[in-house]
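Okay, so here's the structure we're looking at.
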Amino acid sequence: MNRKILNSAGLLSAAILFQTGCTSMSETRKRDLNRTADSALTKVVLEQPGLQAEIGISAGYLVIERSGSGIPMVGKRGVGVLVDQINNERSFVTITKLEVDGAWGVGDYTGVMSIRDAQSLKRAKAEGLTLENKGTIFIYVKGESSAAYPVKIISMEPKEG
């Protein structure tokens, strides 16, 4: 009887840990995300006229990796690098919700979004941020050109490093 209870408790604990995940990131994962942020920004700026000027006058920008999987606990979901150009700092965020207008059927992708307002950037780094019907995200799927999509809603929260 006790063995059955311990096995059940162990399975439940493992399921909870798997679902919630670890709150910290490995150094390797941080390096990978920083490389992704750099290469994504370069790619999108080269493909999108005027984006370099937009990024240049913005307080910062967000680069995300997003899994298009609708199945809970599958894929990388949404993680990103929030780049503060004012303080020359990078922080990591979890994207808890992202809806873009017109990007139906896009699977795994990388996106770049400028954040013009310094207060919004500061809030996103400290406590998280939700924006509705504000901004444009430039999305590309590996091997494809980027395209601009209006953001319906994006929510992010700081990811502990």
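Could we say that residue 71 is surrounded by fewer than 18 Cβ atoms within 10 Å (Cβ to Cβ) and modelled with pLDDT under 95 here?
yes
Of (1) part of a strand (DSSP E or B); (2) at pLDDT 95 or above; (3) open to solvent by 30 Å² or more (accessible area, probe 1.4 Å), residue 119 satisfies all except one. Which?
Only one criterion in (1) part of a strand (DSSP E or B); (2) at pLDDT 95 or above; (3) open to solvent by 30 Å² or more (accessible area, probe 1.4 Å) is unmet by residue 119, namely (1).
The values are calculated or read from the model by the stated rules, or taken from the named source; none is laboratory data. This is a predicted model, so every value here is computed, not measured. Cβ: placed from backbone, ideal geometry, glycine included. Neighbour counts: every protein chain shown. Side chains are part of the model used for accessible areas, which takes the heavy atoms of the whole protein and leaves out ligands, DNA and RNA. Shrake-Rupley method; radii C 1.70, N 1.55, O 1.52, S 1.80 Å.
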